[in-house]
Every structure is written in C-alpha cells, then in structure tokens.
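What follows is a single structure, written as structure tokens, with notes after it.
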Amino acid sequence: MAYRPGQRARLLYKLCLYHGRKGEPKGFAWSDYRDLIVAAHQLLDAPLVWCWDNLNVHLVAELTALAEEHADWLRIYRLPAYAPELKPAEGIWSLLKRVMGNFVVADLTGLVRIIKRKLKKIQYRPYLIDGCLAQTGLTIEHPLNT
C-alpha cells in the first residue's frame, strides 16, 4: 500500500505464481522487491517509507545496500518479528479472503483471475485501503526530515 499526503491511498501489488516446476522460485527474490520499491517511487514521485517484517529475503544485504544508496528518498523500518496488527497488508488479505469465500475454482488460472479481479476492486475503493492503514494505528509524519 502506498500513501502520499493529500492524495488517495493506493494498492500496489504483483502476484507470484508457483506451478511446482523444478527450479521455479516459490516466492519473491530480493530483486522483485527492489523493482517494486523503485516502481512505487516512480509512481508516487515522492519519498518512501517501507515497513517490513523479518522475512529472510527482506534482510538480504542487497536490499540494505539499496536503502543506503537511496537514503534521500527511501527509509526502511523493520517491524517486530510477529506483529500482524502493524501490517496494513494483513487487512487487505482479510478483505480478499472474505470475498473469495463464495468462489469455487477449477484450476490455478481461475484462482489467479479471481484474485486479480478482487484486488482490482480494492484498488478502486481507496476507503478500504485507508481503513487498512488506519487499523494499524501507525502514523509517520515527514519521515525524511528526521
């Protein structure tokens, strides 16, 4: 989720599909996160505050180097090891799971289609994204002026 003061909140996402093929990655690599950070920065044309949990890939040296290299527009904060109440993305997953409970899918393609459709609906309802951000209780004012 991305938020710029004075503008509507935005939901930025990228799906990672795992087909069970040999050698296929099961999740995002550090380079996928790097690309997402850069894309968010370009879209918003503003400094970013990125909040992460302690997922292994979030702790790699390459992402730390990225943050240091772009300290003028990127701040990364690490959340406690287990703190779902501090992660706005948990609210998005909750909304997504709630609406998907009434669907039956026959294959991975059908599941992906439904997930994309529901995420797109959330994207166009900024009040839902605002609710997920507000639910965390986190506020960061002028993060790059510290």
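The values are calculated or read from the model by the stated rules, or taken from the named source; none is laboratory data. Predicted model only: the values in this text are computed from it and were never measured. Please note: Cβ atoms are built from the backbone with ideal geometry, for glycine as well, and neighbour counts cover all protein chains shown. Each accessible area value is taken on the protein alone, full model and side chains, heavy atoms only, with ligands, DNA and RNA left out. Shrake-Rupley method; radii C 1.70, N 1.55, O 1.52, S 1.80 Å.
Only residues in the stretch 42-53 that are more than 18 Å from Glu68 (Cβ to Cβ) count as the first member; pair them with residues that are surrounded by 15 or more Cβ atoms within 10 Å (Cβ to Cβ), Cβ under 7 angstrom, at least 6 apart or cross-chain, and list the lot.
What qualifies is Leu44/Ala2; Asp53/Leu79; Asp53/Lys87.
For the condition of a type in the set (A, V, I, L, M, F, W, C), within 16 Å of the chain's Cα centre (by Cα) and open to solvent by less than 50 Å² (accessible area, probe 1.4 Å), what is the one hit in Leu63, Leu55? Break it down stepwise before answering.
Numbers: Leu55 fails: open to solvent by less than 50 Å² (accessible area, probe 1.4 Å).
Selected residue: Leu63, the only one of Leu63, Leu55 that is of a type in the set (A, V, I, L, M, F, W, C), within 16 Å of the chain's Cα centre (by Cα) and open to solvent by less than 50 Å² (accessible area, probe 1.4 Å).
Return the pairs, sorted by first residue and then second, in which the second residue is in a helix (DSSP H, G or I), the first residue lies in the stretch 99-121 and is open to solvent by 80 Å² or more (accessible area, probe 1.4 Å), the beta carbons are less than 7 Å apart, and the residues are 6+ apart or on different chains.
Close Cβ pairs (under 7 Å, with a partner that is in a helix (DSSP H, G or I)) amount to Phe103/Ile114.
For the stretch 15-41, which positions are over 21 Å from Ala65 (Cβ atoms) and basic (Lys, Arg)?
Scanning the stretch 15-41 gives Arg21, Lys22, Lys26.
Keeping to the stretch 21-71, report how many residues are of a type in the set (D, E, K, R) and under 24 Å from Leu133 (Cα atoms). Break it down stepwise before answering.
Start the filter on the stretch 21-71 by keeping residues that are of a type in the set (D, E, K, R), which leaves 21-22, 24, 26, 32, 34-35, 45, 53, 62, 68-69.
From what's left, under 24 Å from Leu133 (Cα atoms): 32, 34-35, 45, 53.
So the answer is 5.
Of all residues in the stretch 71-82, count the ones that are surrounded by fewer than 16 Cβ atoms within 10 Å (Cβ to Cβ), over 20 Å from Gly27 (Cα atoms) and under 15 Å from the mean Cα position of the chain (by Cα).
Restricting attention to the stretch 71-82, the residues satisfying the condition of being surrounded by fewer than 16 Cβ atoms within 10 Å (Cβ to Cβ) are 71-73, 77-78, 80-82.
If we keep only those that are over 20 Å from Gly27 (Cα atoms) as well, we get 71-73, 77, 80.
This time we only want the ones that are under 15 Å from the mean Cα position of the chain (by Cα), so: 77.
Residues in the stretch 71-82 being surrounded by fewer than 16 Cβ atoms within 10 Å (Cβ to Cβ), over 20 Å from Gly27 (Cα atoms) and under 15 Å from the mean Cα position of the chain (by Cα): 1 in total.
Go through the stretch 44-56 and report how many residues are closer than 20 Å to Lys14 by Cα and either charged (D, E, K, R) or at pLDDT 85 or above (or both).
The total comes to 3.
Failed condition for Leu15, given (1) within 25 Å of Ile122 (Cα to Cα); (2) without any contact (Cβ under 8 Å) to a residue 60 or more places away in the chain, with all others met?
The one condition Leu15 does not meet is (2).
From the set of residues in the stretch 1-13 that are of a type outside the set (Gly, Ala, Ser) and either farther than 15 Å from His41 by Cβ or touching a His at 6+ places or on another chain (Cβ under 8 Å) (or both), which is surrounded by the most Cβ atoms within 10 Å (Cβ to Cβ)? Before you say what the answer is, go through the steps one by one.
Filtering the stretch 1-13 for residues of a type outside the set (Gly, Ala, Ser) gives 1, 3-5, 7-8, 10-13.
Next cut, either farther than 15 Å from His41 by Cβ or touching a His at 6+ places or on another chain (Cβ under 8 Å) (or both) only: 5, 8, 11, 13.
Details: Pro5: 7, Arg8: 13, Leu11: 19, Tyr13: 14.
Only one residue fits best here, namely Leu11.
Test Ala71 against the criterion of being among the small types (Gly, Ala, Ser) and modelled with pLDDT under 90, and give yes or no. Before you say what the answer is, go through the steps one by one.
Working: among the small types (Gly, Ala, Ser): yes; modelled with pLDDT under 90: no.
Spelling it out, it is not the case that Ala71 is among the small types (Gly, Ala, Ser) and modelled with pLDDT under 90.
For residues that are within 21 Å of Arg8 (Cβ to Cβ) and touching a Cys at 6+ places or on another chain (Cβ under 9 Å), scanning just the stretch 83-98, find the one that is most open to solvent (accessible area, probe 1.4 Å).
Of the residues in the stretch 83-98, the ones within 21 Å of Arg8 (Cβ to Cβ) are 87-96.
Then drop every residue that is not touching a Cys at 6+ places or on another chain (Cβ under 9 Å), which leaves 87-92, 94-95.
Details: Lys87: 52, Pro88: 33, Ala89: 50, Glu90: 75, Gly91: 7, Ile92: 11, Ser94: 49, Leu95: 34 Å².
Checking each candidate, the answer is Glu90.
Exactly one of these conditions fails for Glu68: (1) more than 19 Å from Leu119 (Cα to Cα); (2) open to solvent by less than 80 Å² (accessible area, probe 1.4 Å). Give me its number.
Exception for Glu68: condition (2).
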